[in-house]
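To start, the structure itself, in C-alpha coordinates.
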Amino acid sequence: IMRNPIRISVSPPHRPPSTIRHEVYPVPQHLKTSLLVRLLGREDMMSVLVFVRTKRRADRVARQVGQAGFDVARIHGDRSQSQRETALAGFRSGRHQVLVATDVAARGIDVEGISHVINYDVPTVPTDYVHRVGRTARMEAAGEAVTFVTPEDEGDLRGIERALGKPIPRVTLPDFDYRAPPPPKVRGREGERRPPAARTGHRPPRWQRRPRHR
(Lines give C-alpha, C1' and ligand atoms only; values in the text may rest on other atoms or scores of the structure.)
Protein backbone atom coordinates (compact mmCIF):
# COMPACT_ATOMS: atom_id res chain seq x y z
CA ILE A 1 0.00 0.00 0.00
CA MET A 2 2.86 2.40 0.83
CA ARG A 3 4.98 4.11 -1.80
CA ASN A 4 8.76 3.75 -1.51
CA PRO A 5 8.72 2.72 2.18
CA ILE A 6 11.88 2.62 4.26
CA ARG A 7 12.24 -0.18 6.81
CA ILE A 8 14.41 0.36 9.89
CA SER A 9 15.34 -2.52 12.19
CA VAL A 10 17.12 -1.86 15.47
CA SER A 11 17.68 -5.53 16.35
CA PRO A 12 20.03 -7.86 14.46
CA PRO A 13 18.68 -11.11 12.99
CA HIS A 14 18.47 -14.03 15.39
CA ARG A 15 21.85 -15.72 15.07
CA PRO A 16 23.86 -17.50 17.75
CA PRO A 17 27.37 -16.26 18.63
CA SER A 18 29.99 -17.07 16.02
CA THR A 19 32.21 -18.66 18.67
CA ILE A 20 29.85 -21.65 19.05
CA ARG A 21 30.82 -24.89 17.36
CA HIS A 22 27.73 -26.76 16.13
CA GLU A 23 27.59 -30.55 15.79
CA VAL A 24 24.85 -33.05 14.99
CA TYR A 25 24.88 -36.63 16.25
CA PRO A 26 22.51 -38.91 14.29
CA VAL A 27 21.19 -41.49 16.77
CA PRO A 28 18.09 -43.67 17.25
CA GLN A 29 15.63 -42.45 19.85
CA HIS A 30 16.23 -45.34 22.26
CA LEU A 31 20.01 -44.74 22.30
CA LYS A 32 19.96 -41.03 23.09
CA THR A 33 20.57 -41.46 26.81
CA SER A 34 23.42 -43.95 26.25
CA LEU A 35 25.06 -41.49 23.85
CA LEU A 36 24.53 -38.64 26.30
CA VAL A 37 26.23 -40.58 29.10
CA ARG A 38 29.14 -41.39 26.79
CA LEU A 39 29.62 -37.73 25.85
CA LEU A 40 29.38 -36.54 29.45
CA GLY A 41 32.43 -38.65 30.23
CA ARG A 42 34.64 -36.42 28.09
CA GLU A 43 37.08 -34.22 29.98
CA ASP A 44 35.90 -31.03 28.28
CA MET A 45 32.28 -31.55 29.40
CA MET A 46 32.67 -29.33 32.46
CA SER A 47 29.30 -27.56 32.61
CA VAL A 48 26.59 -29.06 30.43
CA LEU A 49 23.03 -27.81 29.85
CA VAL A 50 20.76 -30.51 28.39
CA PHE A 51 17.47 -29.51 26.79
CA VAL A 52 14.60 -31.99 26.48
CA ARG A 53 11.08 -31.63 25.14
CA THR A 54 8.85 -32.68 28.04
CA LYS A 55 8.80 -32.53 31.83
CA ARG A 56 8.49 -36.30 32.16
CA ARG A 57 11.49 -36.81 29.90
CA ALA A 58 13.48 -34.30 31.95
CA ASP A 59 12.84 -36.36 35.08
CA ARG A 60 13.75 -39.61 33.35
CA VAL A 61 16.93 -38.32 31.72
CA ALA A 62 18.10 -36.67 34.96
CA ARG A 63 17.50 -39.90 36.86
CA GLN A 64 19.42 -42.01 34.33
CA VAL A 65 22.32 -39.54 34.16
CA GLY A 66 22.51 -39.53 37.96
CA GLN A 67 22.52 -43.33 38.02
CA ALA A 68 25.49 -43.21 35.64
CA GLY A 69 27.49 -41.33 38.27
CA PHE A 70 27.15 -37.68 37.24
CA ASP A 71 26.06 -34.80 39.47
CA VAL A 72 22.84 -33.61 37.85
CA ALA A 73 19.94 -31.27 38.58
CA ARG A 74 16.73 -30.56 36.69
CA ILE A 75 14.31 -27.70 36.19
CA HIS A 76 10.94 -27.68 34.44
CA GLY A 77 7.40 -26.42 34.81
CA ASP A 78 6.42 -28.82 37.59
CA ARG A 79 9.32 -27.80 39.83
CA SER A 80 8.65 -25.14 42.45
CA GLN A 81 10.43 -21.81 42.36
CA SER A 82 12.63 -22.78 45.30
CA GLN A 83 13.53 -26.07 43.62
CA ARG A 84 14.47 -24.26 40.43
CA GLU A 85 16.58 -21.74 42.30
CA THR A 86 18.36 -24.49 44.23
CA ALA A 87 19.09 -26.46 41.06
CA LEU A 88 20.31 -23.36 39.25
CA ALA A 89 22.50 -22.31 42.17
CA GLY A 90 24.10 -25.76 42.28
CA PHE A 91 24.73 -25.66 38.55
CA ARG A 92 26.13 -22.13 38.72
CA SER A 93 28.51 -23.02 41.56
CA GLY A 94 29.78 -26.14 39.79
CA ARG A 95 28.30 -28.59 42.27
CA HIS A 96 26.21 -30.03 39.44
CA GLN A 97 28.00 -30.87 36.22
CA VAL A 98 24.74 -31.33 34.31
CA LEU A 99 21.47 -29.40 34.30
CA VAL A 100 18.52 -30.98 32.48
CA ALA A 101 15.85 -28.48 31.48
CA THR A 102 12.83 -27.95 29.28
CA ASP A 103 12.34 -24.86 27.13
CA VAL A 104 10.73 -23.10 30.08
CA ALA A 105 14.32 -22.41 31.18
CA ALA A 106 15.82 -21.58 27.79
CA ARG A 107 15.32 -17.83 28.22
CA GLY A 108 15.75 -17.65 31.99
CA ILE A 109 19.14 -19.25 32.58
CA ASP A 110 21.88 -16.72 33.16
CA VAL A 111 24.96 -18.79 33.97
CA GLU A 112 28.45 -17.96 32.82
CA GLY A 113 30.91 -20.67 31.88
CA ILE A 114 28.51 -23.21 30.32
CA SER A 115 30.82 -25.24 28.13
CA HIS A 116 28.23 -27.29 26.24
CA VAL A 117 24.57 -27.16 25.32
CA ILE A 118 23.12 -30.53 24.30
CA ASN A 119 19.81 -30.67 22.50
CA TYR A 120 18.56 -34.08 23.59
CA ASP A 121 15.46 -33.29 21.51
CA VAL A 122 15.56 -31.14 18.40
CA PRO A 123 13.55 -27.92 18.83
CA THR A 124 10.78 -27.58 16.28
CA VAL A 125 11.30 -23.82 15.91
CA PRO A 126 14.70 -22.49 14.77
CA THR A 127 14.51 -19.49 17.12
CA ASP A 128 14.23 -21.91 20.05
CA TYR A 129 17.50 -23.46 18.90
CA VAL A 130 19.13 -20.03 18.91
CA HIS A 131 17.88 -19.32 22.44
CA ARG A 132 19.03 -22.72 23.67
CA VAL A 133 22.57 -22.64 22.30
CA GLY A 134 22.92 -18.99 23.30
CA ARG A 135 23.35 -20.14 26.90
CA THR A 136 26.95 -21.04 26.02
CA ALA A 137 29.73 -18.93 24.50
CA ARG A 138 28.91 -15.94 26.72
CA MET A 139 31.16 -12.90 26.63
CA GLU A 140 32.76 -14.09 23.36
CA ALA A 141 33.95 -17.30 24.98
CA ALA A 142 34.07 -20.56 23.02
CA GLY A 143 31.22 -23.03 23.35
CA GLU A 144 29.83 -26.15 21.75
CA ALA A 145 26.27 -27.02 20.75
CA VAL A 146 25.46 -30.70 20.28
CA THR A 147 22.15 -31.88 18.83
CA PHE A 148 20.84 -35.46 18.81
CA VAL A 149 18.89 -36.11 15.61
CA THR A 150 16.69 -39.08 14.78
CA PRO A 151 15.49 -39.77 11.21
CA GLU A 152 12.16 -38.16 12.14
CA ASP A 153 13.93 -34.92 13.11
CA GLU A 154 15.60 -34.24 9.75
CA GLY A 155 12.90 -31.77 8.66
CA ASP A 156 13.28 -29.66 11.81
CA LEU A 157 17.06 -29.82 11.46
CA ARG A 158 16.91 -28.45 7.92
CA GLY A 159 14.94 -25.47 9.22
CA ILE A 160 17.65 -24.82 11.82
CA GLU A 161 20.37 -25.04 9.19
CA ARG A 162 18.52 -22.54 6.99
CA ALA A 163 18.32 -20.17 9.96
CA LEU A 164 22.05 -20.54 10.59
CA GLY A 165 22.84 -20.12 6.92
CA LYS A 166 25.05 -23.18 6.80
CA PRO A 167 24.87 -26.96 7.24
CA ILE A 168 25.82 -28.47 10.58
CA PRO A 169 28.46 -31.22 10.40
CA ARG A 170 27.44 -34.77 11.34
CA VAL A 171 29.52 -36.58 13.95
CA THR A 172 29.57 -40.22 15.02
CA LEU A 173 31.51 -41.95 17.79
CA PRO A 174 33.64 -44.79 16.42
CA ASP A 175 33.23 -46.96 19.53
CA PHE A 176 29.48 -46.48 20.03
CA ASP A 177 27.04 -49.20 18.98
CA TYR A 178 24.38 -47.38 16.98
CA ARG A 179 22.72 -50.68 16.05
CA ALA A 180 21.96 -51.80 19.59
CA PRO A 181 18.34 -52.98 19.85
CA PRO A 182 15.86 -51.22 22.13
CA PRO A 183 15.40 -52.74 25.60
CA PRO A 184 12.46 -55.13 26.01
CA LYS A 185 9.28 -53.67 27.40
CA VAL A 186 8.79 -54.57 31.05
CA ARG A 187 5.33 -55.75 32.02
CA GLY A 188 4.47 -56.11 35.65
CA ARG A 189 6.87 -56.21 38.55
CA GLU A 190 8.79 -59.26 37.36
CA GLY A 191 8.91 -58.26 33.71
CA GLU A 192 6.08 -60.59 32.70
CA ARG A 193 2.49 -59.99 31.81
CA ARG A 194 0.34 -59.98 34.89
CA PRO A 195 -2.61 -62.35 35.04
CA PRO A 196 -6.06 -60.77 34.59
CA ALA A 197 -6.93 -61.19 38.28
CA ALA A 198 -3.98 -59.02 39.29
CA ARG A 199 -4.87 -56.08 37.07
CA THR A 200 -6.36 -53.04 38.68
CA GLY A 201 -10.04 -52.60 37.94
CA HIS A 202 -10.46 -55.97 36.22
CA ARG A 203 -13.96 -57.40 36.13
CA PRO A 204 -14.71 -61.05 35.27
CA PRO A 205 -16.83 -61.87 32.24
CA ARG A 206 -20.56 -61.51 32.70
CA TRP A 207 -21.16 -65.25 32.56
CA GLN A 208 -18.83 -65.75 35.56
CA ARG A 209 -20.56 -63.22 37.76
CA ARG A 210 -22.89 -64.44 40.45
CA PRO A 211 -26.52 -63.49 39.92
CA ARG A 212 -27.91 -60.99 42.39
CA HIS A 213 -30.75 -62.24 44.59
CA ARG A 214 -33.47 -59.71 45.14
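Some observations on this one:
- Among Glu43, Glu161, Glu85, the order of accessible area from largest down is Glu43, Glu85, Glu161, computed with a 1.4 Å probe on protein heavy atoms.
- Mean separation of Cα contacts under 8 Å (6+ apart) over length of segment 1-131, as relative contact order %: 32 percent
- Whichever lysines have a C-alpha closer than 26 Å to that of Lys55, once near sequence neighbours (fewer than 8 apart) are set aside: Lys32, Lys185
- Span per principal axis, largest first, for the Cα atoms of segment 1-146 (Å): 64, 35, 28
The values are calculated or read from the model by the stated rules, or taken from the named source; none is laboratory data. Since this is a predicted model, take the numbers as computed values, not measurements. Protein only, heavy atoms only, side chains kept; ligands, DNA and RNA dropped before computing areas. Shrake-Rupley method; radii C 1.70, N 1.55, O 1.52, S 1.80 Å.
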